[in-house]
Structures are given as C-alpha cells and as structure tokens.
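Asks: Encoded as structure tokens, here's the structure I'll be asking about.
Taken together, the values in this text are just the output of simple stated rules run on the coordinates, not laboratory data. Quick caveat: nothing in here was measured; it's all calculated off a predicted structure. Virtual Cβ from ideal backbone geometry, glycine too; neighbours counted across all protein chains shown.
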Ligand SMILES: Cc1cc2nc3c(=O)[nH]c(=O)nc-3n(C[C@H](O)[C@H](O)[C@H](O)COP(=O)(O)OP(=O)(O)OC[C@H]3O[C@@H](n4cnc5c(N)ncnc54)[C@H](O)[C@@H]3O)c2cc1C
C-alpha cells in the first residue's frame, strides 16, 4: 500500500517503576499535553502565580494532525486574556465569514457568521495551530513559575493513598518525575493519562474518515468554507493563511484501502469531478505522502476526574471534525477549569467537588453539541456520500432560524465560559 501519513497514538514502553529517576520536580499543577487546551490552561495559571509544569511529548509543536480554525468564541476568550491584538499582529491568518454548500455547481448559502451580534470576531480565524501554541507558551514563559518540558512523554501516573500525585515521563536522558497537587490530562484524543487512570472513553460509531491535504489557491478565488457535494463525494475546502485551500476529503469508513489502491490519479480525478476549477492544480498532489489520513473517532468520558486528576479537551471528549470546533471547546474547557481551580490551587487544596464542578459545567454542553454533530452528519454527510447526484439538502437547512442557530452554536457553543474579571489582563 502507498504511504499515507496517519496519526498514531504514543505507546507506553514501561509499566513498572523505573530503577533510575534522573530528577524529581515539585509543582502545583502538572499539565500533560501541549495542545491548545493545555497551553491556555497553563498560561492562565502561570499568570496567577501558580507553579505549573506543562509536559509535551513531541520535541516541537509542528505536526500534520492539527486543526487550524479558531471560531469567534475561542477568539473572544483569547481577547479576554489580552492576547488577540498581538496574536493577530504576529501570526499570519485568514478568515472565513460563511459556510456555503456547492452542490453540482449550485451555491447554497448556509452559515453566515457576519450576522452574529455581540462579538468582535464574527468569522472563523484560520491560523497555524503550532504557531498559536508557540505564542501561548512564549507568553507563559514570561512567568518564572511556569516550566515547559518538550520531548516529555508521560508514561506513568504516581498514585498514593488513592490520589494521583503526579507523573513520570521519559525525556532527555531517561526517566523524570513531576509531583503535583493536581495533574491535568490535556493529552488529546489518544490520551495516555486517560488510559493510565483506567478511565474509558465511551466511543460512538463514527462512520466517516477523512483525507486531509492542501492545494494552491488563486488570490482571485472567494474566501470562506465551502462544502462541496456531488457524485457520492463530500469535500470541505477553506482558504488557509498561507495561500492554499485546505481540503478534507470525506469517505465512508472502510473505503480507505479501496481508494488508496485505486491510486493517486483516481483521487485527483474524483476531486475535479466535484470541484472542476481544481483541474488546473490537482497535479500538485503528486503522491500519497502529501495526504494525511484521519480515522475519525468520537467519544466522551462519563467521569472527567479522580482524586488529584482532571481530564479536559480532546482527552475528555473527542468531537467530530464537523464545524472544526475542537480547539474552541478545548479553550473553553481550559478557561472553565482555570476559573474554578485557581483559588483551590493557590491554597493547595483541590478537592473532588472542584473537579466535579468543571465536569458539571462543561459536560452537558459538549454532549449537546456532539449530538447536534451526529444529527448533521446523518442528515447531510452520510446521505451525500451514499446517494450521489440525487442528494438534496433537507428543506429546513436553508431556513434562517436553523442557519443562525448553527452559526451561534459553532462559534460559541451553548453557554460559553468567560475569563473571570480578576484573571483578565
Ligand atoms: C486533521 C485534523 C483537523 C482538525 N481540524 C480542526 C479545525 O479546523 N478546528 C478545530 O477547532 N479543531 C480541529 N481539529 C480538532 C482539534 O485539532 C482538536 O480538537 C484540538 O487540537 C484538541 O486540543 P487538545 O489540546 O485537547 O488536544 P491536542 O491538540 O491533541 O493536544 C494534545 C497534546 O498532548 C500531547 N501528548 C499526547 N500524549 C502525551 C503524553 N503521553 N505525554 C505528553 N504529551 C502528550 C500531544 O503531543 C499533543 O500535543 C482537527 C483535528 C484533526 C486531527
């Protein structure tokens, strides 16, 4: 089979306590995972003078398997942290104000964020996620009580008297230990912390997978997020910050090998069938090495915490890619957790009821949005992939109340948290 880049979970190589531990560090909060969720939480805690250590398994933040869309709700929170002006000044970005369907060449308007009231960011911001995280961690590094350890692959939890008291990670030269009042697992959809704590993700069947790649974009082409349907194909395209189209080519689960076996030329042709204007550039897709494969996984945890341990972000709830809301929900979890945990952390007294409050505040909203994503997937994505040219959008899809509801939910969720006034800059 030709080579496609596919995200694989990190593996645990050692289960017994290592003989040699090179150093032991004491901190208040140890956050595992330098994704958007972990980076935002670390920054807010660091600003409040809390000793926080952020552990990231990879040596850099550069990776294929990252989304790069931040919706209005996420931008509002970054703004409340006093970050957006400098962020947008320093990092190239683009915006998309609407989602439109293009079915057999006909354009059908859907979500219009530009109609949203009460926000400074009525659009999605498309920005390199790795640069966003570099920016957030650079901000946090201004505080001496913040530590970032890259190449720190957490493989063990330290458990004493029924509580999690920190982690052991494999890093430079061998094993290291971080002891903490609170450990936060923000280590993404394949979370090791979740596994090590024996917490099981309740997975729901996700009948789709996606190929993820880029093609050049002409400056004269319209901006926005376009869902392109036809001939049993389902493609999502949006303009990136560096002059390309980001393309999600959705397939039914199980079709992966068949499509790969048909070869890259067959993939190129099928793209042109749905997006004829890409005929002048599909040749840029020369090999499967330029294509990432994302096996879609959806699920959620029943319990987000144990004594001394909290899981947030993708580690607690893996969302469908529909709407690109994973980063927003991770940032919202981080803000909600910080609002609740800052005072207990300052006093070294994080109780179970604090952790339960984080879950209570966030879990129902996430379930609601996951259910909405399933509904939209059943109504459109799956039908479009199965029914080819006979596919029609449901009649209510174009009605303003439905469109406006989806616009608001994608941008903000149901009851978005706000950074508490005393924690703003
Ligand atoms: C291809 C793709 C496209 C996407 N597009 C979008 C989009 O456009 N918009 C959007 O909002 N969302 C998108 N998403 C989802 C989004 O990327 C996630 O929801 C979001 O990144 C979750 O953030 P997180 O911080 O919770 O987890 P992650 O971003 O997954 O970060 C977890 C971090 O933990 C680290 N880690 C894992 N295990 C360990 C360990 N044992 N020790 C130490 N560190 C560890 C990982 O290296 C990683 O850096 C996309 C996802 C994919 C895969």
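Asks: So what's the range 302-343 giving for Rg/Rh, alpha carbon basis, Kirkwood Rh from the mean inverse pair distance? Could the numbers behind the result be given before it?
Replies: Values: Rg = 11.4 Å, Rh = 11.2 Å.
Taking Rh as the inverse mean 1/r over Cα pairs, Rg/Rh reads 1.02.
Asks: Hey, with R₀ at 30 Å, roughly what FRET efficiency would residue 367 and residue 418 work out to, going by the Cβ-Cβ distance, to 0.05? Intermediate values should be presented prior to the final figure.
Replies: Numbers: r = 21 Å, r/R0 = 0.71.
It comes out at approximately 0.90.
Asks: Work out the P(r) tail for the range 10-93: percent of alpha carbon pairs separated by more than 20 Å, whole number. It would help to have the intermediate numbers written out before the result.
Replies: Details: 1805 of 3486 pairs.
When all Cα pairs of the range 10-93 are counted, 52 percent exceed 20 Å.
Asks: Any idea how far the Cα center of the range 103-130 sits from the one of the range 346-393, in Å?
Replies: What the calculation gives is 20 Å, centre to centre.
Asks: Along the Cα→Cβ direction, 7 angstrom out, place labels at residue 287 and residue 150. What is the inter-label distance in nm?
Replies: 2.7 nm
Asks: From the Cα trace of the range 317-422, what convex hull volume per residue do you get, rounded to a whole Å³? Could you put the intermediate results ahead of the total?
Replies: Details: hull volume 10.9 nm³, N = 106.
So the per-residue hull volume is 102 Å³.
Asks: Right, something else. Using only the alpha-carbon atoms, how far is helix 129-140 inclined from the longest principal axis of the chain? Give it as 0 to 90 degrees, nearest 10.
Replies: So the helix axis and the longest Cα principal axis differ by about 30 degrees.
Asks: If you average over every viewing direction, what projected area does the convex hull of the Cα atoms of the range 105-150 give, in nm²? Working shown, then result.
Replies: Working: hull surface 25.2 nm².
Value for the range 105-150: 6.3 nm².
Asks: Hey, another quick one. Within a 10 angstrom radius of the beta carbon, how do 21, 126, 342 rank from fewest other beta carbons to most?
Replies: Values: 21 12, 126 23, 342 20.
Fewest-to-most ranking of 21, 126, 342: 21, 342, 126.
Asks: For 180, 381, 295, what ranking results if the residue with the fewest other Cβ atoms within 10 Å of its Cβ goes first?
Replies: Working: 180 25, 381 21, 295 13.
In order of increasing Cβ crowding within 10 Å: 295, 381, 180.
Asks: With only alpha-carbon atoms counted, please give the Rg and Dmax of the range 50-89, in Å.
Replies: 13.4, 32
Asks: In units of 2.2 N^0.38 Å, what is the alpha-carbon radius of gyration of the range 259-317? Intermediate values should be presented prior to the final figure.
Replies: Details: Rg = 19.7 Å, N = 59, 2.2 N^0.38 = 10.4 Å.
Dividing the Cα Rg of the range 259-317 by 2.2 N^0.38 Å gives 1.90.
Asks: Related question: Shape call for the range 80-220 from the C-alpha gyration tensor, a ≥ b ≥ c root eigenvalues: rounded (a/c under 1.5), prolate (a/b greater than b/c) or oblate?
Replies: On the way: a/c = 2.39, a/b = 1.68, b/c = 1.42.
Note, shape of the range 80-220 comes out prolate.
Asks: Report the full-extension gain for the segment residue 172 to residue 402: residue separation times 0.36 nm, less the Cα-Cα distance, to one decimal in nm. Write out the running numbers ahead of the final one.
Replies: Values: separation 230, 0.36 × 230 = 82.80 nm, distance 5.23 nm.
My answer for the length gained is 77.6 nm.
Asks: Sticking with this one: Rounded to the nearest 500, what is the 222 nm mean residue ellipticity of the chain from helices alone, with -39500 (n - 2.57) per DSSP H run of 4+ residues and division by all residues? All intermediate terms of the calculation are to be shown ahead of the outcome.
Replies: Values: 11 runs with 127 residues, N = 425.
Helix contribution divided over all residues of the chain: -9000 deg cm²/dmol.
Asks: Just the ratio, please: alpha-carbon radius of gyration of the chain over 2.2 N^0.38 Å, N its number of residues. If you can, show how the numbers build up before the last one.
Replies: Values: Rg = 21.7 Å, N = 425, 2.2 N^0.38 = 21.9 Å.
Cα Rg divided by the expected 2.2 N^0.38 Å: 0.99.
Asks: On each of the three principal axes of the Cα atoms of the range 228-383, give max minus min coordinate, whole Å, ordered largest first.
Replies: On the principal axes, the range 228-383 reaches 62, 33, 24 Å in Cα extent.
Asks: Suppose R0 equals 41 Å; then what is the FRET efficiency for residue 277 and residue 24 from their Cβ-Cβ distance, rounded to the nearest 0.05?
Replies: Numbers: r = 59 Å, r/R0 = 1.44.
The calculated FRET efficiency here is 0.10.
Asks: Additional query: So how far apart, in nm, are the two label points at residue 120 and residue 17 if each is 7 Å from Cα heading toward Cβ?
Replies: In this crude spin-label approximation the distance works out to 5.1 nm.
Asks: Between residue 303 and residue 195, what is the label-point separation in nm under the 7 Å Cα-to-beta-carbon projection?
Replies: In this crude label model, residue 195 to residue 303 measures out at 2.1 nm.
Asks: With angles folded into 0 to 90 degrees, how steeply does helix 400-412 sit against the dominant principal axis of the chain? Use alpha carbons for both and round to 10.
Replies: Value to nearest ten degrees: 30.
Asks: Want the number for residue 223 to residue 160: 0.36 nm per residue separation, take away the alpha-carbon distance, what's left? List each step's numbers first, then the result.
Replies: Details: separation 63, 0.36 × 63 = 22.68 nm, distance 5.40 nm.
Difference between extended and current length: 17.3 nm.
Asks: How long are the semi-axes of the ellipsoid equivalent to the range 36-134, from square roots of 5 times the Cα gyration tensor eigenvalues, in whole Å, largest first? Intermediate results must be reported in sequence, preceding the final value.
Replies: Numbers: eigenvalues 184, 63, 23 Å².
In descending order the semi-axes read 30, 18, 11 Å.
Asks: May I pose another question? What order do you get for 314, 302, 89, 79 when you list them from fewest to most C-beta neighbours inside 10 Å? Before the final figure, lay out each step's value.
Replies: On the way: 314 26, 302 10, 89 7, 79 19.
By the 10 Å Cβ count, ascending: 89, 302, 79, 314.
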